[in-house]
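Let me begin by presenting the structure, written as structure tokens, before commenting on it.
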Amino acid sequence: MKLFKYILLFTIVSLMGCSDNFLNLEPTDKISANAIFATPDGVKAFMVNLYSQIPIEDFNSTQENGIRFNNIGGPNNAGFYPWVITDDGIGSQHQDLTWQKDGGDQFAWWTEGYALNRDVNLLLSVIPDLDVDQSVKDGLFGEAYFIRAYLYFGLAKRYGGVPLITEIANIADGTEVLNVPRSTEKETWDFVLKSCDEAASLLGDGDGTRRRANKWVALALKSRAALHAASIAKYWNRAPLSGAAVNANLVGLSDSDASEYYSQCISASELIMDSGLYSLYKATPSNPDEAAVNYKEMFEDPNRATVEAIFIKGFTLTGVDLGSNQDNWGNPAQTTGAWPHPGRFNPTLDLVDQYENYSNPGQSAPIVTTADGDVNNYNGYQPGRTYLEFENAYDIFDGKDARLRATVILPRTFWKGVDIIIQGGVIGLDGSIILENPGSVNVGGTEYYSYGASAPNLYSGFSTFGGNMTRTGFGFKKFLNESYVPILAWNQSTTDWIDFRLAEVYLNYAEAVVESGSGNTGKAATALNNIRKRAAHTSTISLTLENVLRERRVELAFENKRYWDLIRRREYHTEFDNRHRHALVPVFDTRVMKYIFIRKEATRTPTSTFVTQWYYKRIPGIATNGLIQNPQY
């Protein structure tokens with residue numbers, strides 16, 4: 001086969017990160033595919049290249065720049081992770097949604113997707129002629145179908161219907177073979193789910209490493225993808241679009257499609273749940289303190305939690321194209337080490353309010369700061385109101401779900417042995433206030449500073465110094481490695497990323513059952529409550545959509561799900577309509593020597609509006625490829 005001669009060169013070039021132009025060069029050495037795949041090392045080298053291109057939305061992905069910005073030309077994304085443009089977080093440098101408008105570098109998702117598709121097609125074309133056992137061929141086919149499913153999932157949820165290219169075109173047949181038209185959005189989702197099924201049918205239980213596709217990884221992808229498609233079908237009319245792409249069904253699904261997609265989500269999820277191969281990590285803590293530690297350590301090192309993790313993306317080495325920068329960007333200013341730009345992730349009060357109190361299960365518990373209990377007043381400090389007073393700043397969070405303190409750094413809690421001072425104001429004996437501005441008041445010869453300390457290296461909140469301070473009153477904790485000390489270098493974090501885990505499958509299942517009115521409601525309720533028990537809840541809650549979505553938000557916080565939940569359920573444009581995100585500002589009142597708290601709009605953060613056209617991204621290159629453009633571009 002003519003393609004054989006390209007395999008070795010392709011493998012070497014891909015692993016070196018060189019450009020695709022090398023594929024067009026005539027190699028001087030012609031080594032067959034059999035030579036590449038004859039040894040475990042050859043297979044591993046080729047497959048490593050393919051796995052590195054899967055559009056896993058981990059620490060090194062942004063909605064703007066694709067999945068691999070941490071190379072020598074652009075490791076600096078200023079902490080632009082997807083959660084900082086949702087209502088779960090704010091970024092110090094990226095705070096609104098306007099980057100979605102015209103495409104820009106987000107075209108990387110299209111170009112990277114089709115580059116990987118070409119490589120998968122190349123692999124599929126040579127497998128039949130390999131001189132290996134059929135079981136080895138089946139495994140390679142299965143992994144190729146999984147990777148294909150994943151890449152088209154990444155394309156479908158951004159662009160809708162896309163060209164489905166399943167073989168390498170022969171340029172000798174004319175350039176028209178390169179211009180494959182877009183399939184409908186339904187055909188594209190069906191292709192993704194069919195590819196998941198093909199992968200699952202050929203793959204076994206895997207080798208236990210959690211780093212390579214197996215039957216259950218393919219089914220986890222199907223669970224996620226089918227739920228996404230079902231939601232679009234059910235909620236399309238929340239934000240209907242019009243135009244040529246809609247008329248040709250290139251974007252959009254019918255409400256009648258929803259039940260089938262929900263059914264596929266339910267069946268894929270049940271297979272995983274019933275397999276007995278996975279369980280929640282440390283599912284029965286004895287108290288909330290233990291639950292918080294357990295939850296934190298699962299993300300600090302996912303290799304501790306292989307009972308729950310279904311698929312992990314590993315980061316072993318540091319440097320160009322290898323590690324990540326999440327520890328550098330995420331640490332609060334007081335634990336910055338040598339890194340000059342910490343504190344770039346600011347969890348919002350909007351998220352913190354979602355966490356329940358153990359005393360009132362099944363209900364969000366917004367932080368109450370005033371005697372009248374009004375949690376919808378964001379008008380800043382009002383001298384005439386009676387504010388609740390706290391001896392210690394962290395006391396206001398007493399009784400909150402343990403996952404909150406495992407996910408978020410709260411004011412005056414300890415991180416890396418440091419008392420994290422997050423304070424935004426001080427009230428003098430005369431009742432005057434210095435709020436979110438530098439300054440101090442002197443009481444009895446002692447200086448009390450508005451930011452809680454005298455110098456920027458001693459506090460982590462509200463100051464404009466270096467853009468390194470939280471403007472919401474909260475710091476980022478989930479995924480951070482407590483033993484890591486940031487240095488002045490890029491890509492030094494090697495924390496692994498859990499891409500699929502059992503808790504997500506449980507939540508996919510529960511949502512699909514509730515939304516469809518089909519499936520086993522008892523099993524779905526048990527799955528929902530088992531997640532809560534792992535967080536030290538001792539009472540059960542009913543299976544309702546509100547309960548499932550709240551649990552999904554707190555359990556999967558910062559795992560890059562919230563962005564897509566708002567997209568697939570067509571809620572982004574209503575949640576972000578001139579939207580403010582909110583802060584909780586601790587203020588030290590010297591009149592009583594206690595803390596009060598102010599609920600307010602986050603300072604120096606613009607309002608954000610999501611436009612309905614952004615539910616789909618702009619299709620690149622239509623002037624040459626002849627594709628129909630998505631609506632309103």
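Shape call for the stretch 108-219 from the C-alpha gyration tensor, a ≥ b ≥ c root eigenvalues: rounded (a/c under 1.5), prolate (a/b greater than b/c) or oblate?
oblate
Going by average Cβ neighbours within 10 Å, how do the peptides 109-115, 53-59 rank, with the highest at the top?
Details: 109-115: 18.6, 53-59: 21.0.
Per-residue mean Cβ counts within 10 Å order the peptides as 53-59, 109-115.
Using every Cα-Cα pair within the stretch 471-561, state what percent have a distance larger than 18 Å.
Values: 2252 of 4095 pairs.
Here the long-distance tail beyond 18 Å is 55 percent of all Cα pairs in the stretch 471-561.
In whole angstrom, how long is each semi-axis of the equivalent ellipsoid of the stretch 182-223, when you take the square root of 5 times every eigenvalue of its Cα gyration tensor and sort them from largest down?
Numbers: eigenvalues 117, 16, 9 Å².
Value: 24, 9, 7 Å, ordered largest first.
Where the eigenvalues come from the Cα gyration tensor of the stretch 508-580, what are the semi-axes √(5λ) of the equivalent ellipsoid, largest first, in whole Å? The partial results should precede the final answer.
Numbers: eigenvalues 114, 48, 20 Å².
The three semi-axes for the stretch 508-580 are 24, 16, 10 Å.
Quick check on packing: order 186-192, 420-426, 469-475 by the mean number of other C-beta atoms within 10 Å, highest mean leading.
469-475, 420-426, 186-192
How many angstrom lie between the Cα centre of the stretch 127-204 and the Cα centre of the stretch 516-546?
36
What percent does the relative contact order of the chain come to when contacts are Cα pairs within less than 8 Å and at least six residues apart?
Relative contact order, the chain: 18 percent.
In debye, nearest 20, what is the charge dipole magnitude of the stretch 199-305 about its Cα centre with +1 on Lys and Arg Cβ and -1 on Asp and Glu Cβ, if you could check?
260
Sorting check: for 560-572, 390-402, 442-454, which peptide has the highest mean count of neighbouring beta carbons within 10 Å, and how do the rest follow?
Averaged packing, sorted descending, gives the order 560-572, 390-402, 442-454.
What list do you get for Phe80, Phe311 if you sort them by fewest beta carbons within 10 Å?
Lowest to highest Cβ neighbour count: Phe80, Phe311.
Direction-averaged shadow area of the convex hull around the Cα atoms of the chain, nm²?
Projected over every direction and averaged, the Cα hull of the chain covers 28.6 nm².
Beyond 17 Å, how much of the Cα-Cα pair distribution for the stretch 373-522 remains, as a whole percent?
For the stretch 373-522, the fraction of Cα-Cα distances above 17 Å is 75 percent.
Show me, bin by bin at 5 Å from 0, the whole-percent P(r) of the stretch 189-340 based on Cα pairs.
So the P(r) values, bin by bin, are 2, 8, 12, 13, 13, 13, 13, 12, 9, 5, 1, 0.
Compute the convex hull volume of the Cα atoms of the stretch 261-407, divide it by the residue count, and report the result per residue in Å³ as a whole number.
Per residue, the Cα convex hull of the stretch 261-407 comes to 221 Å³.
Rule-based calculations on the coordinates, nothing more; no lab input. As the structure is a prediction and not an experimental result, all values here were calculated from the model. Note that we place each Cβ from the backbone using ideal geometry, even for glycine, and neighbour counts take in every protein chain shown.
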